[in-house]
Each structure stands twice: as structure tokens, then as C-alpha cells.
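Each remark here refers to the structure printed beneath this line.
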Amino acid sequence: MDVTGTSNGNGSDCHCLLPLPLILLTQTKYNRILYAVINKTSIRIHLLKQFVNSGDMASIHEVLKEYWGYDRFRPLQEDIIRSVMDGRDTLALLPTGGGKSICFQVPAMAMEGICIVVSPLIALMNDQVDNLKKRGINAIAITSALSRREIDIHLDNCIYGKVKFLYLSPERLQNEMVQIRIRKMKVNLFAVDEAHCVSQWGYDFRPPYMQLIILRELHPHVPFLALTATATPPVVKDIQLRLGFRKENVFRKSFDRSNLSYIAQKSDDKLTQLLRLAYANAGGSGVVYVRNRKKTREIALFLHEKGVSATFYHAGLDVAVRTERQQQWLNGNVRVMVSTNAFGMGIDKPDVRFVVHMDLPDSPEAYFQEAGRAGRDEMPATAVMLWNDADVKELESNHERSFPDLAEIRQTYQAIANFFEIPVGAGEGQSYIFDLYKLCDRYNLDRLMVFNSVRFLEKEGYFVVSEAVYQAPRIYIPVNKEALYKFQVAQPMYDEFIKLILRSYPGMFEQFVKFSEYELAKRAGISIEEVVRRLKELEQYGLMTYIPQSDRPQMTMLMPRADAKTLYISPEHLKHRKAIGQERVNAMKEYVSSTHRCRSRMLLAYFGEEDTEDCGRCDVCNANATTPKNYTDDELTELLLNYIGHSPMTPEQLAQRSGIKPQERVTQLIRWMLDNGLVTLTDGQKLALTAP
């Protein structure tokens, strides 16, 4: 067919003359239909302006707009994306809330093939998969919580289906079946999240991450994108070495949070200090971190009794309760969440105005990550550490107890083997529901000793224990439609129930589909117990595979069970780990006790940023700040108005940000500005400029 084309020169239109009555309809790779305008002699095809053929690098902006609704990238994101699309191994260091996921999700969507994402956290994987699906992007996660049949189906869909993202826990990559199937996939990118886990110098080192180099053997030409928010200079080098980077290639965004004020306050009355902070930030939400579950309840109750909307959260709560409380906090129905460190990973709530630590974290890495959940909207926020001498002693004690002796480690390993009835030489690749409390009760073991022994055995690569994560019930139909129809004809008593399932939850012939027993019971007009009974009966007929919901941790054996008596733990390895842990404890002690170094500069220096300036916001900077004596009230008022004009803030925040001493002078100036109508007080008790 002869086609003549002309262009107006700016690339926005393309006019094609086609023989009538042919109507040409085509489609872009991003599902936007090109449209035709019919006249007497020709069909004019108008190419949408933004889809002019300008290469993949232009398409990343279209992908960003189409799926995420953003007009532009954050600083450094586009540079990272261009690097991986050029086929270069890349390490991206971005602070918490810095938009790491965009850096691999956008290029993966702009290229043909599937992106494999390695992440150690099931909850984070599930959240990202759910978010991608909401955007119309096909993504799946393979974790230790899935059955062997589910994993098999998911892998087939990655090879033959239209899956764009496969999320994997690192231990799954040690499975030969998984490796064989990955080799058959058309992979465009390997993304390694929480990449500090690769390095033995990393604060959360995980042995399965050391095996990620196998991906290089499966697809030698596919680039790695490693991402982390917490990497010291030795870890940065080690990540690139362990992942076999062809050439060093690091993109580093400063970890400085210009809107975040760090405070470390020594106090013997932490509850009073916490209450003052909650009152001072009445217009925003907050997170309070504590070490143990009992404290979460006690502090939440204290705040509630003092008129502050608060609730508590820890891994020991029922999954429905955890989900409800998390949603209440996200929706703003509850203002303050009191939690162990089980809460927060993957939670991207923009208006968190304060994060308070009532106990000392184990490391600067953990503190930086948790404190960084404040102020993600780039508005002023505060990260406060409340501490006293007893906390320092407890930190030292926790460090010592984190390294049980060899006899205790062997005792724990033997108890686990007995609990799950795993014979010597068996169990590799198998997953078990892990309940530490039941284990300790059955064998009368000390919980803290077992907890720390389990952590150490994880670090040695014997097994991995996932966090407690809710897994919805799933259904899969392993037969074809014809076989199912024949059964419905032969067994009419199941016909309506099967039809209801098919109408309610499409896709079950291809993969396991999440569903709700409650919703299905409601639609069928029967009890939940009856729904479960019928599903199990259909499973016995071989027509359905039904997996009930679960919300407990999973322990996956990474190697065959050894004889506990001959369990080998390298003394040098143990000594090395303990020394690294002591360095982190010392850094934490120095951070809270220092009265002369800027808090922000101390944290930045820990992560390798030496050439920085005092932040002017932390408690140390404010304590050392002085207001020039020759400043007049008019000049100070103008200074305060500039701060308020940048963003509304409470009087306490304004006093802290301005650094004016004494604070009583700030109070007098605020009162004068209110009396003279220069500023107003919002419903959230924040100072804002009066509208002209």
C-alpha cells in the first residue's frame, strides 16, 4: 500500500493520504489511541503531540505522568533512571521518603520486559504490589508466605504473561526452580531494595543478599539498580563489590533534611516532655517509638487521658486490629501512634509533624530511618530523642545480650528443629509458621535469649524469619472451564455457588486470586463457616485450591538442618559482629550526649557527608545561637514574618526556627503581630500571614 506523508515541521501532526474507504486505527505503547478525521479525499491521522517518536528517554516523562500523575521528577531521580536505561549498574543513595521506588518503576515501565525487585520486607513488597495494581500495572510478589503451587503459577505468568514487576524475597533466589524460571524471563532491570543488607558492614546484614550475584549469571547484560537510605562509606563500596558492578557508579542525594529539626533532650520526666510536644504540634500527627509492647499501651493511654488522640501498635496485636489502627492514623482519625519499630516501614504519610523516641535506638541507621518519617511534605517537623543515664546503660546491656554464647545458640537451634520436627539433613527451602512465644513456652526457654539467638542464626544464614504480615485468603481453579462446567452440570447443588465465585473474582483460572470469605458469604446469603466448608469440599473434588488467611511470621530454612551439637559458629565472625555493633552503640551514645556539635552534621558525617554546615535548627544550634544586640524589634518582626510566610507554624516552632533568645522576646513580638493584624491563628493553632 502506498502512503504519502507530510509534516508541518514541528512534529505535532502527521498527515497521511490513504485510499478510501480505509480507516486507519493504531495505538501507542501507552494505550492512547490515535484518532482519524475523515474528509472527502483522505484520512488525516493526528499524532498526539507528546507521543512523537523521540526515544525512550522522552518516554520516561510520559510514564511518570500517565501512571503517577507527576509532571517532573524529584532531584536526582531522572539521572538515576537515565543511568539504568543506559545499561549501567547503579547505586542510588536517597534519604527516607526520597522517592526510591520511582527510580526503578518508571524505567521498567518505559522498557520492554519485566523488572525483578528484591526486598527483604514482605509488608513493603505487598504494599508496593497493591499500589502498582491500583495504577493498572501488573505486579506480583513471591514470598515465604505463598504455597509451592502459587509460586509455580506466578513464575509461569512472569514468563508467558504480562507481568511487569516481580517482587522477590532474597531467600527465594536460592531456590533452583526460581533461578531456572528467571533465566527464561525477559528481564529489563534488577532492582535491589534495602541494598545495605548486602554488606556485612550494613546495620541489617542478611546472608541471602550475598547470593544476589547469581542474577548476574542468569542475565549477564541486565543492569543492577541498588537502593538504600542508610549506607556508610564502607557499605557503599561493599554493595558495589558484592553485586559485581562493572564500574563504580553512585548517585548520592544529601541526607540533609532541611525541614527537620533534631533534638536530643536529657530528661527524667519523659512523659511530661512528650505531652508538651504533642500539645505544641496540635495541628499535625506524630509517631512515638518505644522498645517494648507494654510501653506502647501505657503511653497511648497516658496521652489519651491528657486529651491527645492516640492509639498503640505492635506485632503482637491481631492483624485486624493492626490494620484498623494503622488506617485510623493514616486517615487522621487518630493523631498519635505509639509503637515498637514494627510500625512505619512503607508508610508514607506526609503530615507527620513529630517523631519521638522514648528509648535509644540500637544504631544511627535505625534512628535516621525512623526519624525520617517526619516531615515528608517538606514542611517543618521535629525528631526528638528523650533519654537519660538509665537508657544508656540499657543500650549497652541490650548490645551484650544480642550476642548469646554458643551453648544458648545451639539450644535454640535444637528447640526449633524439635518444634517443627525437622530431621537432620532435611528442611532446606521449607517454610514454617514461627511463633516465638509458643516455642519458648513449650521448652521453657528465656524469650530474650531465644530472640537474640534466632537473630544471630539468621545472620549466619541458617534460616530467615519474616515479619508478621497479613496474607488474604486466596482461590485458584486448577482445571479448565470445560471441566468445571461438566462438574456444575453433574453436581447442580454447587452450580450457583461456583457461578457466584466466578462473577465475583475473575482471573482464577490463571492465578491465585485474593478474596474475602465475609464478602462471599454476604453475597451468597450464607455463613462464613458454610463458605469455608463448601470451598474445602470443592478442593477435595480437585476443582479449587483454597488457602485460608494467615498473619503470623514465617521461618524459611535456607540450608538443610544440621546437628545442633556440631553447629559451627565462627568465633572470629562472632567477635567481628560484636565489634561492629559496639561501634554503632558508641555512635548513638555520642549523638545524644554531645552538647557542642550540630545534630544534623553528626548524622550526615556518620553517613560520609563531611563538608556540611550547622543546620541552625537542632537543639544544639539553638542553644548556641545568640540574637545580635543591635537588632531592633522591627527587624526581628520582619524576620519572624519571613518564617511564617514560608510556611505556617506554631509559636513554639517559630521560636525554635528563628533562634531568637530569650524566647520571651519571641512571645512578645508574636503578641504584637496578632494585636496589629499582621498574622492570624489558624484552627490548627498555627501562625499564618493575614490575607491582604
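The values are calculated or read from the model by the stated rules, or taken from the named source; none is laboratory data. Predicted, not measured: the structure shown is a model, and the values here were computed from it. Backbone-built Cβ (ideal geometry, glycine too); neighbour counts: all protein chains shown. Please note that ligands, DNA and RNA were not included when accessible areas were found on the heavy atoms of the full protein model with its side chains. Shrake-Rupley method; radii C 1.70, N 1.55, O 1.52, S 1.80 Å.
Listed values, structure above:
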quantity: Whole-number percent relative contact order across the chain, with pairs defined as alpha carbons under 8 Å at least 6 apart; calculated: 11
quantity: Calculated P(r) tail over 17 Å for the range 459-601, as whole % of Cα pairs; calculated: 74
quantity: Low-density loop cleavage sites - chymotrypsin sites (Phe, Trp or Tyr not before Pro) in the range 558-606, where at most 11 other Cβ are within 10 Å (DSSP); calculated: Tyr568
quantity: Student exercise, the range 59-112 dipole from Lys, Arg, Asp, Glu Cβ charges, in Debye to nearest 20; calculated: 200
quantity: Charge dipole (debye, nearest 20) of the range 466-607; +1 at Cβ of Lys and Arg, -1 at Cβ of Asp and Glu; calculated: 800
quantity: Virtual spin-label span in nm between Asp268 and Arg148, 7 Å along Cα→Cβ; calculated: 6.2
quantity: Rounded, prolate or oblate (a/c below 1.5 giving rounded, otherwise prolate when a/b exceeds b/c) for the range 216-348 by Cα gyration tensor; calculated: prolate
quantity: Solvent-accessible area of Tyr313 with every protein chain in place, 1.4 Å probe, in Å² to the nearest 10; calculated: 20
quantity: Extension gain, Leu689 back to Arg455 (0.36 nm per residue minus Cα-Cα distance, nm); calculated: 79.0 nm
quantity: Computed helical MRE - 222 nm, the chain, DSSP H runs ≥ 4 contributing -39500 (n - 2.57), nearest 500; calculated: -12500 deg cm²/dmol
quantity: Efficiency of FRET from Cβ geometry, Met210 and Glu609, R₀ 22 Å, rounded to 0.05; calculated: 0.20
quantity: Spatially close lysines, pair count over the range 268-405: Cα under 25 Å, gap of eight or more or interchain; calculated: 10
quantity: FRET efficiency, 1/(1 + (r/R0)^6) with R0 41 Å, evaluated for Leu500 and Lys438 via beta carbons; calculated: 0.65
quantity: Farthest positive-ward along the chain dipole, Cα basis, beta-carbon charges - from Asn292, Phe451, Leu146; calculated: Leu146
quantity: Selection from Val465, Gly427, Leu395 lying farthest towards where the dipole of the range 378-485 points positive, charges on Cβ; calculated: Gly427
quantity: Theoretical FRET efficiency, 1/(1+(r/R0)^6), r = Cβ-Cβ of Ala472 and Phe509, R0 22 Å, to 0.05; calculated: 0.70
quantity: Net lengthening on full extension, Gln549/Ser309 (0.36 nm per residue, minus Cα-Cα); calculated: 83.3 nm
quantity: Global geometry of the range 60-127, whether rounded, prolate or oblate, following the gyration tensor of its Cα atoms and the 1.5 cut on a/c; calculated: rounded
quantity: Accessible solvent surface per residue of the chain, calculated while the other protein chains remain in place, 1.4 angstrom probe, Å²; calculated: 48
quantity: Lysines with Cα under 20 Å of Lys522, excluding same-chain neighbours fewer than 8 positions away; calculated: Lys499, Lys514, Lys536
quantity: Carbon + sulfur, % of accessible area of the chain - ligands and nucleic acids excluded, 1.4 Å; calculated: 50
quantity: Global geometry of the range 135-183, whether rounded, prolate or oblate, following the gyration tensor of its Cα atoms and the 1.5 cut on a/c; calculated: prolate
quantity: Rounded to the nearest 10 Å², the accessible area of Glu664 at probe 1.4 Å; calculated: 120
quantity: Length added when fully stretched, Thr680-Asp256, from 0.36 nm per residue minus Cα-Cα; calculated: 149.5 nm
quantity: Distance (nanometres) between label positions extended 7 Å along Cα→Cβ at Glu529 and Leu275; calculated: 4.9
quantity: Compactness of the range 350-479 - radius of gyration and Dmax, Cα, Å; calculated: 19.9, 65
quantity: Sparsely packed chymotrypsin sites (Phe, Trp or Tyr not before Pro) within the range 314-363, loop by DSSP, other Cβ within 10 Å at most 13; calculated: none
quantity: Top positive-direction residue, dipole computed over the chain with Cβ charges, set Phe368, His221, Val532; calculated: Val532
quantity: Centre separation in Å (Cα based) which lies between the range 105-172 and the range 573-610; calculated: 36
quantity: Amide H contacts of Val192 (H built 1.01 Å from N, under 5 Å, at least 5 apart or other chain); calculated: Val118, Leu225, Ala226, Leu227
quantity: Reported label for calculated Cα Rg over 2.2 N^0.38 Å given (1) 1.25; (2) 1.10; (3) 1.41; calculated: (2)
quantity: About the Cα centre, charge dipole magnitude for the chain (Lys/Arg +1, Asp/Glu -1 at Cβ), debye; calculated: 1120
